[in-house]
1. With the checklist (1) at positive phi; (2) touching a Phe, Trp or Tyr at 6+ places or on another chain (Cβ under 6 Å) in hand, flag the one item Leu253 doesn't pass.
2. Hey, any hits in segment 61-70 for a residue that's surrounded by 11 or more Cβ atoms within 10 Å (Cβ to Cβ), touching a strand residue (DSSP E or B) at 6+ places or on another chain (Cβ under 8 Å), among the hydroxyl-bearing types (Ser, Thr, Tyr) and farther than 19 Å from Gln158 by Cα?
3. If Pro46 passes every condition in (1) in contact with a strand residue (DSSP E or B) (Cβ under 9 Å, 6 or more places away or on another chain); (2) under 28 Å from Glu131 (Cβ atoms) but one, which one does it miss?
4. Going by what's in this entry, would Pro110 be described as of a type outside the set (A, V, I, L, M, F, W, C) and farther than 21 Å from His212 by Cβ?
5. Please work out which one of (1) more than 23 Å from the chain's Cα centre (by Cα); (2) farther than 25 Å from Glu250 by Cβ is the condition Phe9 fails and give its number.
6. Need at least 1 residues that are among the β-branched types (Val, Ile, Thr) and either in contact with an Asp or Glu (Cβ under 6 Å, 6 or more places away or on another chain) or farther than 23 Å from Ile93 by Cβ (or both) per element, so show me which strands (runs of 3 or more DSSP E) inside segment 105-201 make the cut, counting only ones lying wholly within it.
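We did not get these values from a lab; they are worked out from the coordinates using the rules stated. Quick caveat, the model's predicted, so the values are computed rather than measured. Here the Cβ is made from the backbone with ideal geometry for all residues, glycine too, and neighbour counts use every protein chain on show.
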Amino acid sequence: MQGHPGPEFQKRTSYSRESMEGHVLDWRTKPPTYKFYDHAPVIALPSPRRTPGEEPGPDLWSCIAQRRSIRSYGATPLTLLELSRLLWASGGITASYITPYGQDFYRAAPTAGGLYPIETYVVVNKVEGLEPGLYHYRVAGRDILERPMVEGSHCLEQLRVGDLRGDIAAAALDQLMCAKAGAIFVWTAVFARSVWKYRDRAYRYVYLDAGHMAAHVSLAAVALGLGSCPVAAFYDDEVNALLGVDGETEGALYMTTVGRPARPFRSTADDRRLTARPKE
């Protein structure tokens, strides 16, 4: 393993008592928490909240029991409400509070140090009410002083219109499910947000943060009767080029496909029958 980057990464990002000494945060150089595409068309998403009279979904324990990686999707598109709920469940604002610098927010998934380095992009293949193409999730709005605010939050910024099924599937090591899914979530890290505080250790934390968000998507998909599959196997340069990021200041970390399962999901009761021991 000598010269292999894996052990070197583990070593370089390890904490010791000595390495923790003397590090003082410079608040003047803290990177912005939110990314905006100022000239992109903005598409408001429906509220992810449950409406009066809506049937309750499965409870958390059922969603955990039923979660599977689903790689085969049918032709029926996702609804815009389903996409809205998936985005909110993975990275949306769940509560706000006032600070001396404006509003600040609690968000659905945890993040190291409250720094939120992860950005969410969506490759839309089949979503009702959306043109196929590439979108960026705008988590928060902002006021005239560039401070974050709730108004104008939970929207999509339309970055590119067109059929990207072939591009995203090819970039994901030719995995056809990326062309068949209704949408593909792609998470990137804006590395400076975490490096500002955690230095080399940040490169561990950004992957953990993306994993938290992907886990939320997988459980939210089950609650909505959808299938999902996390994807870590992709050509980094091709995914970064598709998103229009440079791979250095911001780079792709993780993906998840979401769509309507092509086949009915087998129940946990079926699983128990298959794994039950025969009677003596």
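1. (1)
2. yes
3. (1)
4. Numbers: of a type outside the set (A, V, I, L, M, F, W, C): yes; farther than 21 Å from His212 by Cβ: no.
Criteria not met by Pro110.
5. Every condition holds for Phe9 apart from (2).
6. Details: elements: 118-124, 133-138, 155-161, 183-190.
Because the criterion is at least 1 residues that are among the β-branched types (Val, Ile, Thr) and either in contact with an Asp or Glu (Cβ under 6 Å, 6 or more places away or on another chain) or farther than 23 Å from Ile93 by Cβ (or both), the strands (runs of 3 or more DSSP E) in segment 105-201 that meet it are 118-124, 155-161, 183-190.
Let's see how each residue does on (1) in contact with a Leu (Cβ under 6 Å, 6 or more places away or on another chain); (2) of a type in the set (Val, Ile, Thr); (3) surrounded by fewer than 18 Cβ atoms within 10 Å (Cβ to Cβ); (4) touching a residue at least 12 places away in the same chain (Cβ under 8 Å):
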site: Asp167; (1), (2), (3), (4): yes, no, no, yes
site: Arg204; (1), (2), (3), (4): no, no, yes, yes
site: Cys229; (1), (2), (3), (4): no, no, no, yes
site: Thr249; (1), (2), (3), (4): no, yes, yes, yes
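To keep it simple, each residue is scored yes or no on (1) β-branched (Val, Ile, Thr); (2) out of contact with any helix residue (DSSP H, G or I) (no Cβ under 6 Å at 6 or more places or on another chain); (3) part of a loop (DSSP other than H, G, I, E, B).
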position	(1), (2), (3)
Ser19	no, yes, yes
Ile43	yes, yes, no
Ser84	no, yes, no
Ser90	no, no, no
